[in-house]
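Some notes on the structure that comes next.
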Amino acid sequence: MKFNLTYGPDIASAPAGFKATVEAVATFFETTFTDPVTINVRVERGLTGGLLGHSDYALTGPYTFAQIKSALANEPHSGSDAIAIAHLPSVDPIPGTHAYYMTSAQAKALALAGPSDALDGTVQFADNPPFDYDRSDGITPGSYDFYGTVAHEFSEVMGRGRGVINRSSAE
């Protein structure tokens, strides 16, 4: 996995450690996940409303349960993954007419979508809370862990979150 990071113009005035921390999180994910995909993420500051971070991401679909299960089975996986895949139901466990959607980054990782230079997501961070940019000595009391905040937002772009199901009104 590779992160292609682009930065908004407001990053030039970011505190020391901001970009280094963002890039450290990207490196962590790049070395943890082995899918041969590039995830395109824009990083911005200036988020308001009391939030530490926020992510916006593209959704792709619709996909059927069978498509997703087949994509999972065709991915290289560990022994634990193989056990989990073997225990998936043979048919969609949710009755009725519906479709599944996922982030574009997740669809790339499952080979349900091909490579693309299109933006997979934008992550924004507040510029006024007391972020601690160096977790090597612990997080300063009264501060927020910026590394953890970045990891949270990146993982949402990658597909972590609740499932997205579109149910038809016929149900």
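Here are some notes:
- Rounded to the nearest 20 debye, dipole of segment 1-108 from Cβ charges on Lys, Arg, Asp, Glu: 100
- For the chain, the alpha carbon convex hull comes to 152 Å³ per residue, rounded to a whole number.
- Amide H contacts for Val37 (H built 1.01 Å from N in the peptide plane; partners 5 or more residues away or on another chain; cut-off under 5 Å): Lys2.
- For the chain, with +1 on Lys and Arg beta carbons and -1 on Asp and Glu, the positive-most of Tyr101, Leu119, Leu52 along the dipole: Tyr101
- Heavy atoms of His152 accessible to a 1.4 Å probe, total area in Å² rounded to 10: 80
- In degrees, nearest ten, helix 146-158 long axis to first principal axis of the chain (Cα): 30
- Cα-based helix-to-principal-axis angle, 65-74 vs the chain, degrees rounded to 10: 70
- For Ser136, solvent-accessible area (1.4 Å; no DNA, RNA or ligand), Å²: 100
- Extension gain (nm, one decimal) between Ser116 and Glu30, 0.36 nm per residue minus Cα-Cα: 29.2 nm
- Ordering Ser80, Asn40, Thr64 by the projection of their Cα atoms onto the charge dipole of segment 28-128, which places +1 on the Cβ of Lys and Arg and -1 on the Cβ of Asp and Glu, puts Thr64 at the extreme positive end.
- Segment 18-56: chymotrypsin sites (Phe, Trp or Tyr not before Pro) in DSSP loop, at most 16 other beta carbons within 10 Å: Phe33
The values are calculated or read from the model by the stated rules, or taken from the named source; none is laboratory data. Fair warning: this is a prediction, and the values are worked out from it, not measured in the lab. Glycine gets a Cβ as well: all are built from the backbone with ideal geometry, and neighbour counts include every protein chain shown. Ligands, DNA and RNA are stripped out before the accessible areas are found, and what is left, the full protein with its side chains, is counted by its heavy atoms. Shrake-Rupley method; radii C 1.70, N 1.55, O 1.52, S 1.80 Å.
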